[in-house]
Amino acid sequence: MKSPILSQKFELALVYATRLHAEQIRKVDGTPYIAHLLSVAAMVLEAGGSEAEAIAGLLHDSLEDRGGAQTRAEIRQQFGEEIFSIIEGCTESEIIPKPPWMERKQRYIAQLLIASPSVRLVSLADKLHNARSLLASLHQFGEEVWTYFKAGKDSTLWFYKELMPIYRTINQPWMLQEFEQLIFELEHFSSIK
């Protein structure tokens, strides 16, 4: 499977994402947020995704975390409708303050059920990287990591498990296998004292 040659549009998206999320960090370990966005885009490309899907990977949290009318307009203008629609499909909520956790997750699951394969691919890459990061944080900091998540362990794992049947509809066996393995490891993780 051959990945696309990346154009200046990808470079523009990389700069845009870096600037948009410049002050954001990951909640547990304080890693600059761009690391997550780069990882999602990389996984999309490694899975044979298109440049548009990889750009959407870079920008998948833009509406949710740095949204508003200006961001929506900039993305549409600079990157086009195809990329915008993938980003929109990966967005849980743009409402501030955010709706309750369970309401957002149930809406996201319903949204993915009717989403395009492109949206599902970017979403899978996002959740796969989140699960990888979560497991790494558990190994580094122990079970107190779950306190950083409003929903806690059981609800977070419920959400990941609910996504699996949807992700199985796209042909990404290595990503699915790793995601399933991570869910298992997260479920059975116990801190070594």
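A short reminder: the numbers here are calculations on the coordinates, not readings from a lab. Everything quoted here is computed from the prediction, not taken from an experiment. Glycine also receives a Cβ, built like all others from the backbone with ideal geometry; neighbour counts cover every protein chain displayed.
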Please turn the phi angles of the range 86-94 into ³J(HN,Hα) values with the Karplus equation 6.51 cos²θ - 1.76 cosθ + 1.60 (θ = phi - 60°), one per residue in order, whole Hz, x for glycine and proline.
-> 5, 4, 4, x, 8, 8, 6, 6, 10
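Neighbour counts of other C-beta atoms within 10 Å: give me S190, S85, S133 arranged from fewest to most.
Numbers: S190 8, S85 17, S133 20.
Least to most surrounded, the residues fall as S190, S85, S133.
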Rounded to 10°, Cα long-axis angle of helix 34-46 versus longest principal axis of the chain = 80 degrees
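Compute the relative contact order of the range 8-188 as a whole-number percentage, counting only Cα pairs closer than 8 Å that sit 6 or more residues apart in sequence.
Values: 187 pairs, mean separation 36.4, N = 181.
Relative contact order, the range 8-188: 20 percent.
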Enumerate the calculated ³J(HN,Hα) couplings along the range 69-81 in order (Karplus 6.51 cos²θ - 1.76 cosθ + 1.60, θ = phi - 60°), each rounded to whole Hz, writing x wherever the residue is Gly or Pro.
-> 4, 5, 5, 4, 5, 4, 5, 4, 5, 7, 10, x, 5
Nearest-20 debye value, the chain charge dipole, Cβ charges on Lys, Arg, Asp, Glu = 160 debye
For the chain, modelled as a GNM with alpha-carbon contacts under 10 angstrom, which of F141, F179, F159 fluctuates the most?
-> F141
So for the chain, taking the charge dipole from beta-carbon charges (+1 Lys/Arg, -1 Asp/Glu), which of A69, G57, P97 sits furthest toward the positive end?
-> P97
Highest-MSF residue in the chain out of V145, V44, V119 [GNM, Cα springs under 10 Å] = V145
Note down, for the range 8-188, the three equivalent ellipsoid semi-axes (square root of 5 times each alpha carbon gyration tensor eigenvalue), biggest first, whole angstrom.
-> 24, 18, 17
Between I25 and residues 5 or more places away or on another chain, the pairs with built amide H atoms under 5 Å apart involve Y33
Lysine-lysine proximity count for the chain, Cα under 18 Å, sequence distance 8 or more or distinct chains | 14
Measure nothing but the geometry: give the 0 to 90° angle between the long axis through the Cα atoms of 8-20 and the longest principal axis through the Cα atoms of the chain, rounded to 10°.
-> 50 degrees
Would you calculate, for the chain, the mean residue ellipticity at 222 nm contributed by helices, counting each DSSP H stretch of 4 or more residues as -39,500 (n - 2.57) and dividing by all residues, to the nearest 500?
-> -22000 deg cm²/dmol
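For the ranges 96-109, 48-61, 5-18, what's the packing order if you count other beta-carbon atoms within 10 Å of each residue, average per peptide, and put the highest first? Before the final figure, lay out the partial values.
Details: 96-109: 13.3, 48-61: 25.2, 5-18: 15.3.
With the highest mean Cβ count within 10 Å placed first, the list reads 48-61, 5-18, 96-109.
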